[in-house]
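Visitor: Below is the structure I would like to discuss, written out as C-alpha cells.
The values are calculated or read from the model by the stated rules, or taken from the named source; none is laboratory data. This is a predicted model, so every value here is computed, not measured. Here the Cβ positions follow ideal geometry from the backbone for every residue, glycine too, while neighbour counts run over all protein chains shown. We work out accessible area using only protein heavy atoms, side chains counted, and drop any ligands, DNA or RNA first. Shrake-Rupley method; radii C 1.70, N 1.55, O 1.52, S 1.80 Å.
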Amino acid sequence: MIAENLERYLLAIPKAELHVHLEGSIQPATLLILAQRNGVDLPVHTIEDVQKWFIFRDFNHFIEIYLDITRCLRTIEDYELIAYEFGANMARQNIRYAEVTFSPSTHRYALGIPHDTYFAGLTQGRERARAEFGVEIRWVFDIVRNVEDEARNRELADYVTSVAIEGKDDGVVALGLGGAEIGYPPERFARWFERAREAGLHSAPHAGETVGPTSVWGALRVLAAERLGHGVRAIEDPALVEYLAEQHIPLELCPTSNVCLGIYANAAEHPFPRLYSAGVPVTINSDDPPLFNTDLNTEVKLLVDPFNFDIETVNHIVLNGVRHNFLPLEEKQVMEATFSAEMARLRQVYGL
C-alpha cells in the first residue's frame, strides 16, 4: 500500500512520457464512437466488451487487436479526435510533455488513408491540446518491422522514413521501429535509420522486448539507437547492462505492458530495480494504456510499490523523462528546472 499523501503527490507531480503509442491510447468509449461513425464492425459493442477484448493471449494476438483498432480511423476529424483526447488525458495526469509513437505505413498502406489526411488530423489535435491544456506532443514515426515480403518491407520503410523527415519541422522528432521482433532483427533496417539520422532525426527503435540482448545490441550497433523502446531484456546480459550504463543509453520501460504480454509473470519480478541499481538511465511509461488497463500515473505508483524506491529516486526516474527526451538542450533544461521546482513545492504541500 502507498500512503495517502504520497499517492496524492505522485498523481500531482509534473511528468513527461517517452514510450506511448497513439493508436494504442484510444479509449474504449472513443473506439466505439469511431467504429459506429465509420461503419466498422468490431467484435465488441460495449465498453465492458472492449475491456474484456483487451485481454491478450500473446504478443501476436495483441497485434491483431491493435490492427482492428486502427481500422476505425478514416477522416481528418478522427485523427484530430484521438490526438486531442490524448492531450486531454495527458492533462488529467499532469503529463506536460510526451513523445508519442505513430505508425504511418499502417494507415497509408493497410487502410488507404492519405498522408495529408492523417497528418492534418494529428497536427490539428496536437495544436488544440496545446492551446486548451498546455501540453506538448511530439511524434516518433515508426517502421513496422514484421513485413515478410522483402520488396514490400523496403517500400514501407522508405515511406515511413520519408514522411518522418518531411514532418521534422512539424513535430516529428525521431524514427522508431515497432512490431513483432521475432524474425525481424534491427540490422534489416540500417539504411533507413542512417538516412533519418542524416536528416536530423533521432533514433529510437524498439528492441529487447520479445527478443533478448541480441536485439538490443543490434539496435545499438547498427541503428545507432539513442534511446531504446523497452530494452528490458538487456538484463540478461551483464556486459550489455554495463554498456548501457557507461554510455548513458536510456531505456523506455513499460512494466505493466511487459506483464500483460507475458515477458514477466508479475510486476514484482520485473527487472526495473536491477537496471536502475546498475546505473542504466531508466524512464517509466505506459505503452498502450487502455489496452493494458493502465496509465502513466499507475506506472509511476509501481515505483513505490512493488519496486520500493524512495521519493528522491522516484523523482529522479520521473525527471529522466525530461532529461532523455528529444527536445533541444535549452528546452530540456528549462523543463527540468520547472518540474524540479514544482516537485519541491508539492513535497511541502503533502508534508513529504
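Visitor: What is the gain in length, in nm to one decimal, between R221 and E312 on full extension, counting 0.36 nm per residue of separation less the C-alpha to C-alpha distance?
Guide: Taking 0.36 nm per residue and subtracting the Cα distance, the gain is 29.4 nm.
Visitor: What whole-number distance in Å separates the alpha-carbon centres of region 211-249 and region 105-165?
Guide: A separation of 26 Å, based on Cα centres.
Visitor: Tell me, what ³J(HN,Hα) does each residue in region 335-352 have, in order and in whole Hz, if you take phi through Karplus 6.51 cos²θ - 1.76 cosθ + 1.60 with θ = phi - 60° and put x for Gly and Pro?
Guide: Listing the rounded values in order: 4, 4, 4, 5, 4, 4, 5, 5, 4, 4, 5, 5, 4, 5, 4, 9, x, 10 Hz.
Visitor: DSSP loop chymotrypsin sites (Phe, Trp or Tyr not before Pro) in region 232-278 with at most 11 other Cβ atoms within 10 Å of their Cβ, which ones?
Guide: Filter output for region 232-278: empty list.
Visitor: Taking amide H atoms as placed 1.01 Å from N in the peptide plane, list the residues 5 or more away in sequence, or in a different chain, whose amide H sits under 5 Å from that of V172.
Guide: Distant-sequence amide H within range of V172: W139.
Visitor: Between Rg and the Kirkwood Rh of the chain, both from Cα atoms, what is the Rg to Rh ratio?
Guide: Ratio value, two decimals: 0.94.
Visitor: Leaving out ligands and nucleic acids, note down the accessible area per residue over region 187-346 with a 1.4 angstrom probe, in whole Å².
Guide: Value returned for region 187-346: 38 Å² of accessible area per residue.
Visitor: How much length, in nm to one decimal, is gained on full extension between D305 and I47, taken as 0.36 nm per residue of separation minus their Cα-Cα distance?
Guide: Computed gain between D305 and I47 is 90.0 nm.
Visitor: Name the residues whose placed amide hydrogens come within less than 5 Å of the amide hydrogen of N146, ignoring near sequence neighbours (fewer than 5 apart) on the same chain.
Guide: Here the answer is A180, since their amide H atoms fall under 5 Å of that of N146.
Visitor: Another question, then. With the full set of protein chains in place, find how many percent of the accessible area of the chain is carbon and sulfur; take the probe as 1.4 Å.
Guide: 49
Visitor: Moving on to the next point. On the principal axes of its Cα set, how long, how wide and how thick is region 159-235? Give whole Å, largest value first.
Guide: Principal axes ranked by extent give 36, 20, 19 Å for the Cα atoms.
Visitor: Can you compute the FRET efficiency between V349 and E132 using 1/(1 + (r/R0)^6), with r the Cβ-Cβ distance and R0 = 25 Å? Round to the nearest 0.05.
Guide: 0.45
Visitor: May I pose another question? List the residues whose amide H sits under 5 Å from the amide H of V282, counting only those 5 or more places along or on another chain, with H placed 1.01 Å from N in the peptide plane.
Guide: Sorted by chain and number, the residues that satisfy this are L251.
Visitor: What ³J(HN,Hα) values, in whole Hz, does the Karplus curve 6.51 cos²θ - 1.76 cosθ + 1.60 give for region 28-44 when θ = phi - 60°, with x put for Gly and Pro?
Guide: Each residue of region 28-44 in turn: x, 5, 5, 4, 5, 5, 4, 4, 5, 6, 10, x, 9, 8, 8, x, 9 Hz.
Visitor: Only Cα pairs under 8 Å and at least 6 apart count here; give the relative contact order of the chain as a rounded whole percent.
Guide: Relative contact order comes out at 20 percent.
Visitor: May I ask you to evaluate 6.51 cos²θ - 1.76 cosθ + 1.60, the Karplus curve with θ = phi - 60°, for each residue of region 130-136 and list the ³J(HN,Hα) values in order in whole Hz, giving x for glycine and proline?
Guide: These are the phi-based 3J(HN,Hα) values: 4, 5, 8, 10, x, 9, 10 Hz.
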